[in-house]
1. Report every pair of residues separated by at least 6 positions or lying on different chains whose Cβ atoms are under 6 Å apart, first residue within the range 61-76 and under 22 Å from Ile11 (Cα atoms) and surrounded by 11 or more Cβ atoms within 10 Å (Cβ to Cβ), second hydrophobic (A, V, I, L, M, F, W, C) and at pLDDT below 90.
2. Report, ordered by the first and then the second residue, all pairs with beta carbons closer than 7 Å, sequence separation of six or more or different chains, a first member in the range 40-59 that is closer than 14 Å to Gly29 by Cα, and a second member that is β-branched (Val, Ile, Thr) and surrounded by 12 or more Cβ atoms within 10 Å (Cβ to Cβ).
3. For the range 1-34, enumerate the residues that are among the charged types (D, E, K, R), in a helix (DSSP H, G or I) and either exposed (fewer than 12 other Cβ atoms within 10 Å of the Cβ) or out of contact with any Phe, Trp or Tyr (no Cβ under 9 Å at 6 or more places or on another chain) (or both).
4. Restricting to the range 35-64, and then to whatever is among the β-branched types (Val, Ile, Thr) and in a helix (DSSP H, G or I), can you tell me which residue is farthest from the chain's Cα centre (by Cα)?
5. Considering every residue within the range 43-57, establish whether at least one is out of contact with any strand residue (DSSP E or B) (no Cβ under 8 Å at 6 or more places or on another chain), at pLDDT below 90 and surrounded by fewer than 12 Cβ atoms within 10 Å (Cβ to Cβ).
6. If you scan the range 1-34, which residues turn out to be touching a residue at least 60 places away in the same chain (Cβ under 8 Å) and of a type in the set (Lys, Arg)?
Amino acid sequence: MRFFLSPLVFIAGFLLMKYSVQVTDQFSGKIDLAEKYLGTGIGAGTYTFWKLFGLCLCVLSVLWLFNKLPGGGNNIQQLGSPTSMVIRMMI
């Protein structure tokens with residue numbers, strides 16, 4: 001399943017980075033927290049937030065594709081660790 005979904009998540013992240021202005025205009029408007037900490041004005045704040053979020057989606061999708069996320073393996077040794085169990089419950 002991850003071989004199908006991971007490229008789709010990567011494409012979604014890339015499109016978020018490319019069309020951050022259109023996403024802001026159409027859906028969310030300005031995000032106050034992003035404007036406060038990432039700066040204000042043209043090309044900063046909310047637009048930067050959407051670009052960083054898209055970049056995170058791209059990185060996570062590649063890690064997921066190659067099974068490099070923490071707790072993503074099927075090893076029997078990992079079944080006993082609490083972190084692995086928490087991640088498995090969320091998935």
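1. Leu63/Leu69
2. If the second residue must be β-branched (Val, Ile, Thr) and surrounded by 12 or more Cβ atoms within 10 Å (Cβ to Cβ), the pairs left are Thr46/Thr24; Thr46/Ile31; Tyr47/Val21; Tyr47/Thr24; Phe49/Ile31; Trp50/Val23; Trp50/Thr24.
3. Once the filter is applied, which keeps residues that are among the charged types (D, E, K, R), in a helix (DSSP H, G or I) and either exposed (fewer than 12 other Cβ atoms within 10 Å of the Cβ) or out of contact with any Phe, Trp or Tyr (no Cβ under 9 Å at 6 or more places or on another chain) (or both), the range 1-34 yields Lys18, Asp25, Asp32.
4. Quick first cut of the range 35-64, residues among the β-branched types (Val, Ile, Thr) only: 40, 42, 46, 48, 59, 62.
From what's left, in a helix (DSSP H, G or I): 46, 48, 59, 62.
Values: Thr46: 16, Thr48: 14, Val59: 7, Val62: 11 Å.
If we take residues in the range 35-64 being among the β-branched types (Val, Ile, Thr) and in a helix (DSSP H, G or I), then Thr46 is farthest from the chain's Cα centre (by Cα).
5. Yes; the residues of the range 43-57 include at least one that is out of contact with any strand residue (DSSP E or B) (no Cβ under 8 Å at 6 or more places or on another chain), at pLDDT below 90 and surrounded by fewer than 12 Cβ atoms within 10 Å (Cβ to Cβ).
6. Step one: list which residues in the range 1-34 are touching a residue at least 60 places away in the same chain (Cβ under 8 Å), which gives 2-3.
Across the range 1-34, the qualifying residue is only Arg2.
The values are calculated or read from the model by the stated rules, or taken from the named source; none is laboratory data. These numbers come from a predicted model, not from an experiment. Ideal geometry is used to build each Cβ from the backbone, glycine not excepted, and the neighbour counts take in all protein chains shown.
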